[in-house]
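The values are calculated or read from the model by the stated rules, or taken from the named source; none is laboratory data. Computed from a predicted structure; not experimentally measured. Here the Cβ positions follow ideal geometry from the backbone for every residue, glycine too, while neighbour counts run over all protein chains shown.
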Amino acid sequence: MKRLVETISNIWKIDELRNRILLTLGFLLMYRLGSYVVLPGVDSSQLEVASGTPNGLAGLLNVFAGGAFSRASIFALGIMPYISASIVMQLLGIAVPSVQKMQKEGESGRRKINQWTRFLTILITAGQAPGYLATQVPDVAIMSPGFFSFTLPSILILATGTMFVMWLGEKITDRGIGNGISLIIMIGIIANLPTAFLFEFDKQTGLEGGGLIILLVEVVALLLVILLTVLLIQGVRRVPVQFAKKMVGGQNQAVGGARQYIPLKVNGAGVMPIIFAQALMFVPMSLVGVFDSDAVASIATVFSDITGFWYNFVFAVLIIVFTYFYTAITINPQQMADDLKKNGGFVPGIKPGKHTADFIDNILSRITLPGSLFLALIAILPAFAVMAGVTQNFSYFFGGTSLLIMVGVVLDTLQQIESYLLMRHYDGLMKAGKLKGRTSAFGVAG
């Protein structure tokens, strides 16, 4: 506890870090306030009576949006259209040569891709907004029905709200702390946790509930799943690397020669595969308002049941595929092998160059398979939780996208804060004795 208090004290001593945290909190507060602003022309009291609490995939989307989805807020579609646009651009980077060329152009290419992603986000939002209005906003809640009086303005407002949320995420990433898009999703998920827990508490302590013992078992199971998720995210396979000794200085002093390790993560893709897969699972429901077809409606019904077999099967397969895909585009074994060779490093028993790249690639393939399977298993745990009698709102936190995003984003944000503290420590700011030796700010040996 003393170390935690000292760490928090050190955070507020660093002006840049303090300003970044405050700016991040301010942007997140702005997002939460906007999620309570209802679309013009919607009677919120009638909306609550007619719609109730959304279930299935709509309920999960409501969790991601922090309740804005069920409130018909201006931020009802949240950040998911931007995630869908990012998926499309990633796929185009594989199939379209012009997009591949932009990816290799460095900063200028990244700006072009970001601009394309923004335009694509507007198109996706314009396509999803009619489906949302048709399926989630009942007629009795619309005070002035009509295309020009309600539908068209609402589509424009929803598109503008999504773009504003995307802008908030980009500003958090650039000027705040952590990944802005992931933080926005996480804060929406956390906002639903107290209500979901109280609802589960009322159920288990009621006449038809299992009592406090069952509730305690559920809490212990939730903590166990959280620990397993942390292990999945933090698990690494260390590849030993040896660096050759070099003679430097006028006295021909030998330096280097130490053995180090390349930490290859078991889940090198992080939470992005599950975010991408979840965004694709929203597509059938979004098509309902665009295509008035019985076939589309039946498909949307099948893929809206988060406890159904086909939903969980397709969801798990998508997660496995996106894990391999995202790992392949973010980790380049050939570049790692070339960097090792340039710096005089080599893997013991492996020839430098192509042999090292193949060796690293084989290790990645072996650790990515169990990592992706474990990730898929955690993602579909809410379905098993519902079967075990957990309420659907609380089951979203029993693994699944919600838990993985929360744990992953929290760990990533803590690592960024820790890096700031360690940099200041090396500069001598912590000479007063707050952080001693080579122990990191959060108690991990450095």
Check: Hey, which of the strands (runs of 3 or more DSSP E) in region 233-305, taking only ones fully inside, have at least 3 residues that are modelled with pLDDT of 75 or more and under 29 Å from GLN90 (Cα atoms)?
Finding: 236-243, 259-265
Margin query: Is it the case, given these coordinates, that SER182 is crowded, with 21+ Cβ neighbours inside 10 Å, out of contact with any Phe, Trp or Tyr (no Cβ under 8 Å at 6 or more places or on another chain) and farther than 30 Å from VAL390 by Cβ?
Written below: no
Checklist line | Breaking point among (1) crowded, with 20+ Cβ neighbours inside 10 Å; (2) under 30 Å from GLN260 (Cα atoms); (3) in contact with a Gly (Cβ under 6 Å, 6 or more places away or on another chain), for SER372 | finding: (3)
Note to self: Given (1) hydroxyl-bearing (Ser, Thr, Tyr); (2) surrounded by 15 or more Cβ atoms within 10 Å (Cβ to Cβ); (3) modelled with pLDDT under 85, identify the lone condition not met by THR53.
What the structure shows: (2)
Next item on the list: Give the residue, chosen from ILE94, ILE87, that is at pLDDT below 85, closer than 22 Å to LEU183 by Cβ and surrounded by fewer than 23 Cβ atoms within 10 Å (Cβ to Cβ).
Entry: ILE87
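Collect the residues in region 140-158 that are outside any helix (DSSP H, G or I) and either of a type outside the set (A, V, I, L, M, F, W, C) or closer than 22 Å to PHE282 by Cα (or both), keeping them in residue-number order.
Correct list: SER144, PRO145, GLY146.
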Item checked: Pair list, Cβ under 7 Å, 6 or more apart: region 202-219 residue touching a residue at least 40 places away in the same chain (Cβ under 8 Å) and part of a helix (DSSP H, G or I), other residue surrounded by 15 or more Cβ atoms within 10 Å (Cβ to Cβ) and of a type in the set (Gly, Ala, Ser) -> LYS203/GLY209
Next item on the list: Could you please find all residues in region 337-395 being of a type in the set (Gly, Ala, Ser) and without any contact (Cβ under 8 Å) to a residue 12 or more places away in the chain?
Entry: GLY349, SER365, ALA388
Next item on the list: For region 97-139, enumerate the residues that are surrounded by 13 or more Cβ atoms within 10 Å (Cβ to Cβ), among the hydrophobic types (A, V, I, L, M, F, W, C) and in a helix (DSSP H, G or I).
Entry: VAL99, MET102, ILE113, TRP116, LEU120, ILE122, LEU123, ILE124, ALA126, ALA129, LEU133, ALA134
Next item on the list: Taking TYR420 as the residue in question, decide whether it is surrounded by 14 or more Cβ atoms within 10 Å (Cβ to Cβ), closer than 30 Å to ILE14 by Cβ and of a type in the set (Ser, Thr, Tyr).
Entry: yes
